[in-house]
Amino acid sequence: MVVYQQHPQVKLVGVCDIDPLLVEESAKTFGAQFTTTDFTELVERNDIDAIDIVTPNVAHAPIALAAMEAGKHVMCEKPLAMSYHQARDMARVAQDTGVKNGINFVYRHHPAAQYARYLIKQGYIGRIFQINAAYMQGFLIDPEVPLVWRLQKVMTGTGVLGDLGSHIIDLVEWLTGQQIVSLVSDMQTFIHQRPLVDGSGVGQVDVDDSTTFLTRFNGGAMGTFVSSRYATARRNYQRIEIYGDQGALVYKWEDTDHLKASIGPAFVNEA
Ligand SMILES: NC(=O)c1ccc[n+]([C@@H]2O[C@H](COP(=O)([O-])OP(=O)(O)OC[C@H]3O[C@@H](n4cnc5c(N)ncnc54)[C@H](O)[C@@H]3O)[C@@H](O)[C@H]2O)c1
């Protein structure tokens, strides 16, 4: 919202949240004239050109489909949809209506990611052999963390795979220009029951807490991906290593202004 506010061509017309208190608060904070708890009231307005969807995953598709069918451009948070089939429906409506669609993969915009992509595109890394990607957070270690929407399949579609894994899948494919063509994966839920948010008992966690997979890419590279919300001491650890026959790159979220690059055959050891 702060970025939208700074953009000279963006005017915030209205905000929607199903929580009436939150919607008034954010309208006040960001200077919106119109508030509603029903997204169809935003979609129906003629003075709105684009809608940015920042709801839990379950609401992405219904809002995006209604907005596109009303001729509005859509920016949507990741993961795009609850399932592959839902995402296909959204893509089809986007094509049919001709409006612009985007998904908000924020990490692409960091200087280190931009420069990594430039080096790969320019051929400095050469033929890519191996890609290792990790995205680790530790906020679920505490069993008292309640059963928020992110832990319920009916609200989120996938667990850590869609939440954190989607970022590193996108980053790797965007950085290298290669797409995953096959994989073998393992997923696990570590704590199966958690306190309900309203304190009225416990509920079932029915999504993945940690996911790892081995991949092959259409450009010939191999990859390992790991994402977890059970990584003790990690707040937002994200690391991507790319090894080619001309050089290697290490991108880290903790230091997104700097990229580690080794161009040429030097041997470097790093803890
Ligand atoms: N790009 C990123 O790095 C990034 C980071 C965090 C979250 N996200 C994504 O953003 C989305 C929201 O995540 P969050 O952590 O902000 O969730 P949140 O629960 O903190 O906030 C979601 C808000 O949406 C409101 N809401 C729920 N259903 C709605 C509906 N039908 N219509 C209008 N409002 C509705 C809720 O009341 C709440 O205020 C998720 O898809 C998540 O994956 C992306």
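Quick note: the coordinates plus some simple rules give every number you see, no bench work behind them. Remember, it's a predicted structure, so these values are computed and weren't measured experimentally. No Cβ is skipped: glycine too gets one built from the backbone with ideal geometry, and neighbour counts run over all protein chains shown.
So here's what we get for this one:
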| read-out | value |
| --- | --- |
| Radius 12 Å from Cβ of A133, net charge of other residues (Lys, Arg +1; Asp, Glu -1) | -1 |
| Segment 10-105 - convex hull of alpha carbons, volume per residue in Å³ | 93 |
| Cα lying deepest toward the dipole's positive end in the chain, options G98, N57, P195, charges on Cβ | G98 |
| C-alpha long axis of helix 84-97 to longest principal axis of the chain, angle in ° | 70 |
| Helix-only mean residue ellipticity at 222 nm for the chain, each DSSP H run of n ≥ 4 adding -39500 (n - 2.57), per residue, nearest 500 | -7500 deg cm²/dmol |
| Where chymotrypsin sites (Phe, Trp or Tyr not before Pro) fall in DSSP loop in segment 212-271, at most 13 other Cβ within 10 Å | F267 |
| Normalised per residue, the volume of the convex hull around the Cα set of segment 106-172 (Å³) | 112 |
| Tilt relative to the chain, helix 60-69 - C-alpha long axis, 0 to 90 degrees, to 10 | 70 |
| Spherically averaged projected area of the chain from its Cα convex hull (nm²) | 16.5 |
| Kirkwood Rh, Cα atoms: Rg over Rh of segment 108-263 | 1.05 |
| Computed magnitude of the charge dipole of the chain (debye, nearest 20; Cβ of K, R +1, Cβ of D, E -1) | 920 |
| Extension gain (nm, one decimal) between D186 and V148, 0.36 nm per residue minus Cα-Cα | 11.4 nm |
| Packing-based exposure ordering (other Cβ within 10 Å, fewest first) of R108, R127 | R127, R108 |
| Cα centroid separation - segment 159-200 against segment 73-132, whole Å | 16 |
| Nearest-ten-degree value, helix 20-30 long axis tilted from longest Cα axis of the chain | 70 |
| Neighbour-count ranking [beta-carbon atoms within 10 angstrom, fewest first] of H192, H7 | H7, H192 |
